[in-house]
Amino acid sequence: MSPVLRTILLLTLSNVFMTFAWYAHLKELSQKPWIVAALISWGIALFEYLLQVPANRIGYTVLSLPQLKILQEVITLTVFVPFVMLYMRQPLKLDYLWAALCMMGAVYFVFRK
């Protein structure tokens, strides 16, 4: 598997953990003290870092740092929108489309030769 594809796969998995660590407590732990939510989120975030650090190390062998960052942001949005709709049960907004188009523009400019 190519380094770029491995990077994308690991960053996608990392983002799933990150999104749950950052936002799932708003739904699942809203009645618990914030410190409980923080400790549980840190536990989930450990798995995010176990995937994100190797992903960035692999990606950095073939991508520039700005390319890695834009790739990360695109993956974050790709993971976040289904999370918002399916897990948090919030409606799809047209603003998500505009944000995605802006991110596609960023990808174009960072990856063009």
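Derivation of every value follows stated rules applied to the coordinates shown; laboratory data play no part. This one's a predicted model, so the numbers in the text were calculated from it and none came from an experiment. Virtual Cβ from ideal backbone geometry, glycine too; neighbours counted across all protein chains shown.
Odds and ends about this structure:
- Among S64, S2, a tally of other beta-carbon atoms within 10 Å of each Cβ gives an order, fewest to most, of S2, S64.
- Shape analysis of region 74-113 yields a ratio of the Cα radius of gyration to the Kirkwood radius, Rg/Rh, of 1.09.
- Note on the chain: with a GNM built from Cα contacts shorter than 10 Å, the maximum mean-square fluctuation among T12, T76, T61 falls on T61.
- For K93, a cut-off of 22 angstrom between C-alpha atoms picks up these lysines, skipping any fewer than 8 places away in its own chain: K27.
- Among the chymotrypsin sites (Phe, Trp or Tyr not before Pro) in region 54-96, those placed in a DSSP loop whose Cβ has at most 14 other Cβ atoms within 10 Å are Y60.
- Computed Kirkwood radius, in angstrom, where 1/r is averaged over Cα pairs of region 38-77: 11.1 Å
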